[in-house]
Structures are given as C-alpha cells and as structure tokens.
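These notes concern the structure reproduced below.
Nothing in this text is a laboratory measurement; each read-out follows from the coordinates by a stated rule. Everything numeric here is computed off the predicted structure, so don't read it as measured data. Every residue, glycine as well, gets a Cβ built from its backbone with ideal geometry; the counts of neighbours run over all protein chains shown.
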Amino acid sequence: MLKNALLTLVALVIAIGGGGASVWYTLQAQKGVGAITIGAWTAFPDIGTSDADPYSKARISREGVLALGRAEGLAFVAEHDSSGEPLKRECTYTIDGSFPIARFWTLYAADQSLDVIDTGKPRPAALQSYQILHNADNTALISVGNRPSPGNWLYTQGTGALYFVLTFYDTPIASSTGLSDINLPQVTRTGCHA
C-alpha cells in the first residue's frame, strides 16, 4: 500500500513538474507556435488578435504588455545575430539594411523580459524612425554598443543577454499574408570586449 502511494506521488511530481517546466520553457521562448522568422527577427503576427494561440495569450498576460492588433502594427524581436550567435550586451553590433514601409517604427535594446535596458544615463537604449539618418534607398546603418559611433548609434551597456525589439506602427505588413516576402535589416556582430 505504501509502495503504491509512493509511486503515485512520484508520478504526480513528474507530471506536474514536467508540465510546469514545459509551459515555462514555451512562455520564455521567442520562437514557437504562431511565430514567423525573417532573418534574425521573429514576430507573432496573430498575437493581438482573437486568432492568437493559447501560449501567446499566456505570454502577453504574464508580461503585462499591450499587444498590437493587425491594423495597429507588428513587433519583431531578435535574440540572435544574423549568423545565429546569441546577442550579448558586451558586444557591438550593426543593424544594417532596409526597413519596411511604416508610418512610424521604434527600435530598442531589451533584457530577457523585453523591457528597455536601463542605461543609467540620460540617453535611452532606444531609437525611432524620425531621429535616424536614412540613405536615399530607405536603408539605414545603426551602430550598437557602449562607445559613441558616428551616424546612428544605439547605446547599450552592461553584460548578459540582449534582445532587439523592432516595432512597426501603422504598416501594411501587419495585415499582409506575405510577411515572408519583406526584408528586415541584418544584425551583424562587429566585436566584443570583456
């Protein structure tokens, strides 16, 4: 009798622990059900709609963020550079290429919870489309790091994981079914310091 009770307890612990761990992993992952990936960038186009999958709804509820509907915009997150290496705060990067048509877009450096990195300085770790220099063909080059760079510069500092969040507002790509046909900028590591 005690053996059966112990085996039942072990089975419950494994089932509940394994189930909880799998849900935690799924909610932490930036890729998964309903995600589309374009280069280094991943988005969940259905996240602010009634078609969102249960894991996306749970992620939004847990993080307490306001999800954009399809008519409002679309957010892309990069957790790796274009070569597949994880982004790190102690490294410098360039974000180079074309940006899809949008009325307005923002780019910020984020931590694991996708909050803007606190730089401890008056300069935030964020840029927006009205303040950057564009080339004639709508491409832009943005340098990312803790040392000032000429042109467009996104300030980051510290150590640990880094994410880039690129959000397009009032854009036709948000309601498009051809999201895989758009081009997003490349994220390239240019160096690291210890």
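For the pair residue 146/residue 12, report the inter-label distance in nm, with labels modelled 7 Å from Cα in the Cβ direction.
It works out to 5.0 nm between the two label points.
To the nearest 0.05, how large is the calculated FRET efficiency for residue 159 and residue 3 if R₀ is 45 Å and r is the Cβ-Cβ distance?
Values: r = 50 Å, r/R0 = 1.11.
After rounding to 0.05, the efficiency reads 0.35.
Using the number of other C-beta atoms within 10 angstrom as an exposure proxy, rank 121, 3 with the fewest first.
Least crowded to most crowded, the residues run 3, 121.
Taking the beta-carbon count within 10 Å as an exposure proxy, list 80, 134 from fewest neighbours to most.
Values: 80 18, 134 13.
Taking fewest neighbouring Cβ atoms as first place, the list is 134, 80.
To make sure I understand, if each residue's beta carbon is the centre and we count other beta carbons within 10 Å, what order do 190, 94 fall in, fewest to most? Can you show the working numbers first?
Working: 190 13, 94 20.
Taking fewest neighbouring Cβ atoms as first place, the list is 190, 94.
Can you tell me which of 150-156, 7-13 comes out highest on packing, and rank the rest after it, using the mean Cβ neighbours within 10 Å?
On the way: 150-156: 16.9, 7-13: 10.0.
Descending mean neighbour count gives 150-156, 7-13.
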